[in-house]
1. Express in whole angstrom the spacing between the alpha-carbon centres of the range 1-35 and the range 51-74.
2. Among 44, 24, 36, rank each residue by its count of other Cβ atoms within 10 Å, from fewest to most, as a rough exposure measure.
3. Cut-off is 10 Å between beta-carbons; in what order do 94, 103 appear when sorted fewest neighbours first?
4. Sorting 38, 109, 90 on the 10 Å Cβ count, fewest up front, what's the list?
5. Please list, in order, the residues from the range 1-44 whose amide nitrogen is less than 12 Å from a point placed 7 Å along the Cα→Cβ vector of residue 85.
6. What FRET efficiency do you get for residue 3 and residue 27 if R0 is 25 Å and r is their Cβ-Cβ distance, rounded to the nearest 0.05?
């Protein structure tokens with residue numbers, strides 16, 4: 001049994017809304033980086049049958065072209081889907097105390113807000129007309145450019161759709 005090794009998997013996918021506008025900066029060597037927090041809500045029924053809501057606040061860091069795109073397109077309240085990996089950082093403050101943070105290092109961010117003809121993003125959540133960008137890569141096709149899958153016979157168990165067919169992660 002000692003020879004068995006578990007695979008190393010570090011993958012996170014979360015949807016939420018930005019709690020503040022992203023902070024954008026460049027490192028000392030000129031690498032763009034954006035940091036922001038998202039709030040992801042979870043609704044559930046408690047033991048009494050009452051609906052409750054739990055909010056999870058998660059820090060996100062984006063690098064390179066992805067960071068520049070976040071700085072240009074995101075603002076407080078923007079809805080995003082973040083795909084990435086967890087990373088932890090430890091540093092010492094000026095007072096000597098040690099700080100530790102766990103955050104998501106974004107590989108891909110899907111902007112979920114509707115885009116107006118002027119190019120401005122609207123945070124009304126009516127449609128998923130966003131732009132998906134990979135870390136340092138050209139943008140993939142938007143949802144309108146991706147053909148919908150052919151549907152088979154109506155009523156089959158494999159045909160049930162949650163609306164995620166065109167998400168490219």
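A short reminder: the numbers here are calculations on the coordinates, not readings from a lab. Since this is a predicted model, take the numbers as computed values, not measurements. Please note: Cβ atoms are built from the backbone with ideal geometry, for glycine as well, and neighbour counts cover all protein chains shown.
1. A separation of 10 Å, based on Cα centres.
2. Working: 44 9, 24 17, 36 27.
Lowest to highest Cβ neighbour count: 44, 24, 36.
3. So the ranking, lowest neighbour count to highest, is 94, 103.
4. Result, fewest neighbours first: 90, 38, 109.
5. Residues 8-12 fall inside that zone.
6. 0.05
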